[in-house]
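Visitor: Once you've had a glance at the structure underneath, I'll fire off some questions.
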């Protein structure tokens, strides 16, 4: 039986130190890092997304950062294609690919080489669905495709719209066909609730001090609409609301911190469902 190539996956909720851990492993095991983060793929989304800096990389090559314009949607299928090419190249050079990130859907797509339905974007339908709030969209998906609704993040508007787009074309979202062409070592990072909440709070204050709001203003000045910024989610959603004066600075901090905590809990739920239980250990 052919031996499967080894890859390492460093994953877990936000604010658990995944980037530092991946760099440490890369230095120990002759590795190179592939980011699996749905916001860090975009150019210019640096402080808000917590993108690793050149100094923090410590000379370790990183891939799948700054590969797309924030003005346009970048799909998981596009990510899978590019990231898989990176993995093959790293393996070909005798090094260890290290996947690092908290976007479970992205990690799953490359670890299992998930197949995706070849349904083209339906621009008129997307524009219509964009006008609806995420709760209404999720309710619509539950009605049209209950199986997919059970699997999807009910707070991720972009993915729900994509699912509805596929439903409109095919009647339902086909069950993903998966295969695992790698021997995967999982490194799952987490903390008890009180510690993780404190880490989220401290990191958010640090990002604000580093210029997260100024970064958002610069992105807007460069052509990123506030509607598109809001659609990017999490930090950028609240930055867009702040720039539109829909929330105060105090509300921005409080609401964003609360949303990041809820996001961390959703990440935990996803990883507990999708990775071997033996790896689900808190620090």
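Visitor: Within the group 179, 154, which residue is assigned to a loop (DSSP other than H, G, I, E, B) and either more than 20 Å from residue 237 (Cα to Cα) or modelled with pLDDT of 90 or more (or both)? Reasoning before the result, please.
Guide: Numbers: 154 fails: either more than 20 Å from residue 237 (Cα to Cα) or modelled with pLDDT of 90 or more (or both).
Criteria check complete, one pass: 179.
Visitor: Within segment 15-38, how many residues turn out to be surrounded by fewer than 19 Cβ atoms within 10 Å (Cβ to Cβ) and part of a loop (DSSP other than H, G, I, E, B)?
Guide: Residues that pass the stated criteria total 3.
Visitor: Residues in segment 86-94: is at least one within 22 Å of the chain's Cα centre (by Cα), under 27 Å from residue 19 (Cα atoms) and surrounded by fewer than 16 Cβ atoms within 10 Å (Cβ to Cβ)?
Guide: Checking segment 86-94: at least one residue is within 22 Å of the chain's Cα centre (by Cα), under 27 Å from residue 19 (Cα atoms) and surrounded by fewer than 16 Cβ atoms within 10 Å (Cβ to Cβ).
Visitor: Which residues, counting only those in segment 39-58, are within 26 Å of residue 199 (Cβ to Cβ) and surrounded by fewer than 17 Cβ atoms within 10 Å (Cβ to Cβ)? Steps first, please.
Guide: Filtering segment 39-58 for residues within 26 Å of residue 199 (Cβ to Cβ) gives 39-42, 44-58.
Those that are within 26 Å of residue 199 (Cβ to Cβ) and surrounded by fewer than 17 Cβ atoms within 10 Å (Cβ to Cβ): 53, 54, 55, 56, 57, 58.
Visitor: For segment 100-132, enumerate the residues that are within 21 Å of the chain's Cα centre (by Cα), over 30 Å from residue 185 (Cβ atoms) and assigned to a loop (DSSP other than H, G, I, E, B).
Guide: 117, 121
Visitor: Being in a loop (DSSP other than H, G, I, E, B), at positive phi, surrounded by 14 or more Cβ atoms within 10 Å (Cβ to Cβ) and outside the structural domain of residue 77 (by TED's automatic domain parsing) is the requirement here; does residue 223 meet it? Walk me through how you get there before you give the answer.
Guide: Working: in a loop (DSSP other than H, G, I, E, B): yes; at positive phi: yes; surrounded by 14 or more Cβ atoms within 10 Å (Cβ to Cβ): no; outside the structural domain of residue 77 (by TED's automatic domain parsing): yes.
It is false that residue 223 is in a loop (DSSP other than H, G, I, E, B), at positive phi, surrounded by 14 or more Cβ atoms within 10 Å (Cβ to Cβ) and outside the structural domain of residue 77 (by TED's automatic domain parsing).
Visitor: Okay, moving on. If a residue has to be part of a loop (DSSP other than H, G, I, E, B) and either in the same structural domain as residue 134 (by TED's automatic domain parsing) or exposed (fewer than 12 other Cβ atoms within 10 Å of the Cβ) (or both) to count, how many in segment 226-247 make the cut?
Guide: Within segment 226-247, the subset part of a loop (DSSP other than H, G, I, E, B) is 232-234, 244-247.
Cutting the leftovers down to either in the same structural domain as residue 134 (by TED's automatic domain parsing) or exposed (fewer than 12 other Cβ atoms within 10 Å of the Cβ) (or both) gives us 245.
Here the count works out to 1.
The values are calculated or read from the model by the stated rules, or taken from the named source; none is laboratory data. Not measured: the values here are computed from a predicted model. Please note: Cβ atoms are built from the backbone with ideal geometry, for glycine as well, and neighbour counts cover all protein chains shown.
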